[in-house]
Structure formats: C-alpha cells, structure tokens
Amino acid sequence: MTDATGRTPSGSRAATGNTDILTSRPMSVQSVINGATKRLVAAGIDTARADAEVLLADFLACERLKILTSGNRILTTEEVDRFTLRVERRATRCPLQYVLGRTEFLRRSFQVTPAVLVPRPETEQLVEEALKSFEGLPPDRRLTVIDLGTGSGVIAVSLALATAQARLFAVDVDPQALTVARDNATALGAEHKITFLAGDLFAPLAGFGLDGAVDLGVANPPYVPSGDLAGLQPEVRDFEPRHALDGGPDGLTVIRRILADAERFLKPRGQILIELGFGQAPLVREFLASHDDFDNILFLKDYQGIERILKASYYPWAARLQS
Ligand SMILES: C[S@@+](CC[C@H](N)C(=O)[O-])C[C@H]1O[C@@H](n2cnc3c(N)ncnc32)[C@H](O)[C@@H]1O
C-alpha cells in the first residue's frame, strides 16, 4: 500500500492504464473496485459493485465507507494479486460470506465455512420469536431448549447470549458443522451454556434425561424440495451443503420427522418453532391436523408476507384430559 501520491514502495508510478481491469500492477482503490466490479458483473453477479466494495473493505480491514473515500490510495502489486484471488473466488459464484469467512446475524459476527449454511435474515425472526418464551419468567426459572440442525450455531448461540435462563442442546448431523458452531460459541462467549451433539435429530439427546423435559424446540431444517435444488442460484446450489438444503420430495421430510418425534421430548405446553419454505404452511397445517398433538398453531409471516415460521404448543390428549 502507498499513499495518495501514487508512489509504490519501489518508487514506481502507479499504473494509469485501463482502470477497468484487475491486473498485476499497482492500482488505486478506485481502479481496483472498478476492475473487481467488472469481473463480478461478467460472472453474472447482480450485486457486483457492492460485493467488490465489501471484499476490498474486508481485505484492507477497514469500513466500507472508508474505502469509498480513499479512492486515490494505491495498492501494491502484491496486494492487488492477493485481492484478485478473492475476487476470482467470488467470481466462481462462491457465496460472498464464504469468501469473507464470516457473516452478520443479529448484529454479531459469526464464522461461516462451506460446512455450514450461510444464515439467512428470516432465521433472525425465528430467534426473536423464540426469545418471547423467556419474557416474564422468574429469574430462577430455566428453560431447556433444543436447536435441531444447528449448522453454524447462530440460533443456539444467539439464544444463549440473549438470555441467562436457557439451557441449550444443539444438534447437527454433520460433525464439521458442529466444529464451526462450537468455534462460534467460544468466540462469542456462549460455549458454557450449550451442549453440542452430533447425530440425527433427537437421537443424540437420549441419555440426557430430556424425555418430556424440553420447554422449547427450535429448528431451521433442510426444507428445499429435492426437485427444486437444480434451479437454485449457483451460490446456493453449488456451494452450500446439500444436506443443509435438501428436504426430500416435498421439502417436508425432516419437518415431519421433527413434529412426529417431538412428543417424546417436549413437555406438555412446550413450544416448537420451525422455519418453513415458501408455500409449505398448508402442507404442515394438514399434517398437524392429522396428528392432534399440538394447539395454538400459528404460521408467522416474514417481511415478505410469506408464512415462514411454524409456532405451536405441544398439548397431547392425555394432558388435555387431565386439565
Ligand atoms: C438449513 S441448515 C440450518 C443451519 C442453522 N441452524 C441456520 O439456521 O443457519 C440445516 C442444518 O440441519 C442439519 N441437518 C440436516 N439433517 C439433519 C438431521 N437429520 N439431524 C440433524 N441435523 C441435520 C444440516 O447439517 C444443517 O446444518
């Protein structure tokens, strides 16, 4: 990096040629942004300019606003070369968050790798809804919470940090995902509140004395219908873990399993919150109607008006007859 005079450490003049191409030579911040944007546009990325700015701000370890006001600053040839590698990775349609190695979730920075789904804004709503279960609780009351399919751990970690009253169990079938979740919990200071378990849905919870003892079950399970996977944007289809996306023929395979098995773990009046895909609410409604074990069934809409979150209370007939 050099100052705005255009002098590189070796004293040569900053290149003044075609500023729209990223090449191995000293370049101004403005030229690098233009070159990266052009490369990302050519790769078919709609958010090319914004991505170029975010990548460069991250590369230079400064705020995005700062690079926008430092257009004349010069990057050395070596810096341009290293930055070009990141742009090329994004140009393969690798998600921006994997290139950065992190993402924001509820105003916290979480590590993400290709072993985990990139957390989506809709899931923030699920966490905010889950936190309502803690409102008005006496300070000494603890709630046992399970997060099924924890991925990067954003749900479990966010809940652990937002309330002192949660005792959390976070499960994922993929041990590599659990490593990311654990690292996030440690980095954010929540590791002592969460038990991380590898395995299939409820199976690894056996032996923890949780039968009929869980107050709240949360899940953002794989829910994309298998037949829709091929039509997803390349970032999702080619880079995110298939087992984090593929929900079987109608997308509901894992969701039905969670609802059918929840009875073993949830307390009567325990709550379940599950993120759903577009258009799945009617099918879930139908499934629940044939089971009769849940009441207070709500389908909460996301900011686009899509019924996104199933919220229901476990209330089996045996408990209803007793009350
Ligand atoms: C859609 S991702 C959600 C990740 C994270 N909770 C989030 O909201 O960003 C689904 C996660 O469920 C995990 N998963 C898929 N099938 C599972 C199963 N049968 N048992 C446990 N975890 C499973 C995947 O490995 C993946 O991490």
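Numbers at a glance
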{"read-out": "Proximal lysines relative to residue 38, as straight alpha-carbon distance under 25 Å, when same-chain residues fewer than 8 apart are discounted", "value": "66"}
{"read-out": "Segment residue 65-residue 46, length gained on full extension (0.36 nm per residue, minus Cα span)", "value": "4.8 nm"}
{"read-out": "Average projected area [Cα convex hull, the chain], square nanometres", "value": "19.0 nm²"}
{"read-out": "Extension gain from residue 321 to residue 256, taking 0.36 nm per residue of separation minus the Cα-Cα distance", "value": "20.9 nm"}
{"read-out": "Computed magnitude of the charge dipole of the range 104-322 (debye, nearest 20; Cβ of K, R +1, Cβ of D, E -1)", "value": "540 debye"}
{"read-out": "Cβ-derived FRET efficiency at R0 41 Å, residue 89 paired with residue 137, nearest 0.05", "value": "0.35"}
{"read-out": "Helix 48-59 vs. the chain, principal-axis angle (Cα, 0 to 90°, nearest 10)", "value": "80 degrees"}
{"read-out": "The range 147-217: C-alpha gyration tensor shape, a/c 1.5 cut-off, then a/b vs b/c", "value": "oblate"}
{"read-out": "Charge dipole (debye, nearest 20) of the range 27-92; +1 at Cβ of Lys and Arg, -1 at Cβ of Asp and Glu", "value": "80 debye"}
{"read-out": "Spacing of the two label points (7 Å from each Cα toward its C-beta) at residue 109 and residue 206, in nm", "value": "4.2 nm"}
{"read-out": "Spin-label model distance (nm) - residue 297 vs residue 72, 7 Å beyond Cα toward Cβ", "value": "6.6 nm"}
{"read-out": "Cα-based reach from residue 267 at 25 Å (exclusive), listing lysines while leaving out same-chain residues under 8 positions away", "value": "132, 193, 311"}
{"read-out": "For the chain, with +1 on Lys and Arg beta carbons and -1 on Asp and Glu, the positive-most of 67, 309, 50 along the dipole", "value": "67"}
{"read-out": "The chain: calculated mean residue ellipticity at 222 nm from DSSP helix runs of at least 4, using -39500 (n - 2.57)", "value": "-11000 deg cm²/dmol"}
{"read-out": "On Cα atoms only, tilt of 253-265 relative to the major axis of the chain in degrees", "value": "50 degrees"}
{"read-out": "The range 249-323: Rg to Rh, with Rh as the Kirkwood radius over Cα pairs", "value": "0.98"}
{"read-out": "Charge sum, other residues only, whose C-beta stays under 13 Å from residue 171's C-beta, Lys/Arg counted +1 and Asp/Glu -1", "value": "-3"}
{"read-out": "All Cα pairs of the range 27-92, percent lying beyond 20 Å", "value": "16 percent"}
{"read-out": "Translational diffusion of the range 111-178, µm² s⁻¹ [Kirkwood Rh, Cα pairs; Stokes-Einstein; 10 °C; 1.306 mPa s]", "value": "125 µm²/s"}
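A short reminder: the numbers here are calculations on the coordinates, not readings from a lab. Here the structure is a predicted model, which is why all the values come from computation and not from measurement. Neighbour counts are summed over all protein chains in view; Cβ atoms, including those assigned to glycine, are modelled from backbone coordinates with ideal geometry.
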